[in-house]
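Q: Just passing along the structure, written as structure tokens.
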Amino acid sequence: MRALDGALPQFDVNEVHSISLRCGPEAAVQRALAAPAAPDRLTAALFRARGVRSGTTVQELFDWTGFETLTRSATEVVFAASGTPWRPSGGLAPFDAAKPGTVRVATDIRAVAVAGGCVLSTETRIQAVDASARRAFRRYWLVVGPFSGLIRRRWLRAAAP
């Protein structure tokens with residue numbers, strides 16, 4: 001079972017991105033976590049627009065923005081938080097501290113071995129605590145979702161050897 005399935009088995013919204021790499025799964029996850037959080041100008045501009053610093057690694061970005069590491073192995077890491085990402089401050093809190101009007105967010109970085117290398121992927125899942133949070137998040141995601149996907153795809157490419 002994937003660690004993400006244990007962390008957030010039911011969700012309202014998710015996105016999955018992957019890339020094939022010519023390295024082992026352990027190396028792929030290490031590269032992904034050490035990759036620049038803003039590997040190019042566009043990603044850096046998106047972070048600046050959100051008020052997020054971009055001169056960090058992917059691992060540092062999750063730590064700095066308030067995500068906690070729920071699970072970590074050589075081939076899979078799950079980061080999670082709760083809050084109101086549609087608000088400028090985000091108001092992130094521990095994953096288990098989700099309360100009415102908030103969402104739970106869980107993201108993994110995972111690699112599985114395949115012939116000739118591995119598939120490195122990231123999946124983000126969001127579960128609203130209540131209907132009000134679900135409506136607010138869906139409105140936010142209409143605008144932010146495509147950019148979130150773009151950033152995650154750029155992270156995966158930055159992990160390529």
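The values are calculated or read from the model by the stated rules, or taken from the named source; none is laboratory data. Keep in mind that what you see is a predicted model, and the values were worked out from it rather than measured. FYI the Cβ positions are ideal-geometry reconstructions off the backbone, even for glycines, and counts take in every protein chain you see. To get the accessible areas, we keep the full protein, side chains included, count just its heavy atoms, and leave off ligands, DNA and RNA. Shrake-Rupley method; radii C 1.70, N 1.55, O 1.52, S 1.80 Å.
Q: What about Ser132, is it in contact (Cβ under 8 Å) with a residue 12 or more places away in the chain, among the hydroxyl-bearing types (Ser, Thr, Tyr), under 26 Å from Asp40 (Cα atoms) and part of a helix (DSSP H, G or I)?
A: The answer is no for Ser132.
Q: OK, next. If the Cβ limit is 6 Å and pairs must be 6+ apart or interchain, which residue in the range 41-61 that is at negative phi pairs with which residue that is open to solvent by 40 Å² or more (accessible area, probe 1.4 Å) and modelled with pLDDT of 90 or more?
A: Taking only residues 6 or more apart or on different chains, the pairs are Thr43/Arg154; Leu46/Phe147; Thr57/Ala34.
This table checks each residue for (1) closer than 18 Å to Val52 by Cα; (2) under 13 Å from the mean Cα position of the chain (by Cα); (3) open to solvent by 40 Å² or more (accessible area, probe 1.4 Å); (4) not aliphatic (A, V, I, L, M).
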position: Asp108; (1), (2), (3), (4): no, yes, no, yes
position: Cys118; (1), (2), (3), (4): no, no, no, yes
position: Ala131; (1), (2), (3), (4): no, no, yes, no
position: Arg138; (1), (2), (3), (4): no, no, yes, yes
position: Arg157; (1), (2), (3), (4): no, no, yes, yes
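Yes/no matrix, rows are residues, columns are (1) part of a strand (DSSP E or B); (2) under 15 Å from the mean Cα position of the chain (by Cα); (3) free of Cβ contacts under 8 Å to residues at least 12 places away in the same chain:
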| site | (1), (2), (3) |
| --- | --- |
| Pro85 | no, yes, no |
| Gly91 | no, no, yes |
| Arg104 | yes, yes, no |
| Thr122 | yes, yes, no |
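Q: Does any residue of the range 37-56 turn out to be more than 14 Å from Asp108 (Cβ to Cβ), under 14 Å from the mean Cα position of the chain (by Cα) and of a type in the set (A, V, I, L, M)?
A: Yes, the range 37-56 contains a residue that is more than 14 Å from Asp108 (Cβ to Cβ), under 14 Å from the mean Cα position of the chain (by Cα) and of a type in the set (A, V, I, L, M).
Q: On to the next question. With respect to Ala81, is the statement that it is touching a Gly at 6+ places or on another chain (Cβ under 6 Å), surrounded by 23 or more Cβ atoms within 10 Å (Cβ to Cβ) and not in a helix (DSSP H, G or I) true?
A: yes
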